[in-house]
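S.K.: Following this message is one structure expressed as structure tokens.
No lab work stands behind these numbers, since they all come straight from the coordinates. Bear in mind the structure is a predicted one, so any value in this text is a computation, not a measurement. Note that we place each Cβ from the backbone using ideal geometry, even for glycine, and neighbour counts take in every protein chain shown.
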Amino acid sequence: MTLPSKGKKLNKNEIYSINNAVKEAGIQQIHPDKMEAFADHLVEKLKNTHEKPTPWRRGGALEE
């Protein structure tokens, strides 16, 4: 993945607009430059979440 054009990051209004556009019209409606910046935003958002995953099993493998 490349950096957003000229190193610009999206502001909150642009992120909100892109989220709405994806929900309403699909991802095809987003300009490629904005899509790269949006993808960078999503990656950073994912990196910053420190949620502990919930286990799908309560005991050990042999306890079922």
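S.K.: How many residues are in a helix (DSSP H, G or I) and out of contact with any helix residue (DSSP H, G or I) (no Cβ under 9 Å at 6 or more places or on another chain) when one looks only at segment 18-31? Can you show your working first?
M.R.: If we filter segment 18-31 for residues that are in a helix (DSSP H, G or I), which is where we start, we get 18-25, 27-29.
Restricting the remaining residues to those that are out of contact with any helix residue (DSSP H, G or I) (no Cβ under 9 Å at 6 or more places or on another chain) gives 20, 23-25, 28.
Number of matching residues: 5.
S.K.: With K34, K52, K47 as the choices, which residue is surrounded by fewer than 10 Cβ atoms within 10 Å (Cβ to Cβ) and assigned to a helix (DSSP H, G or I)?
M.R.: Working: K34 fails: surrounded by fewer than 10 Cβ atoms within 10 Å (Cβ to Cβ); K52 fails: assigned to a helix (DSSP H, G or I).
On inspection, the qualifying residue turns out to be K47.
S.K.: For segment 35-45, indicate whether the set of residues that are more than 16 Å from the chain's Cα centre (by Cα) and without any contact (Cβ under 8 Å) to a residue 12 or more places away in the chain is non-empty. Full working, then the answer.
M.R.: Of the residues in segment 35-45, the ones more than 16 Å from the chain's Cα centre (by Cα) are none.
Within segment 35-45 (the criterion being more than 16 Å from the chain's Cα centre (by Cα) and without any contact (Cβ under 8 Å) to a residue 12 or more places away in the chain), the answer is no, since none of the residues qualifies.
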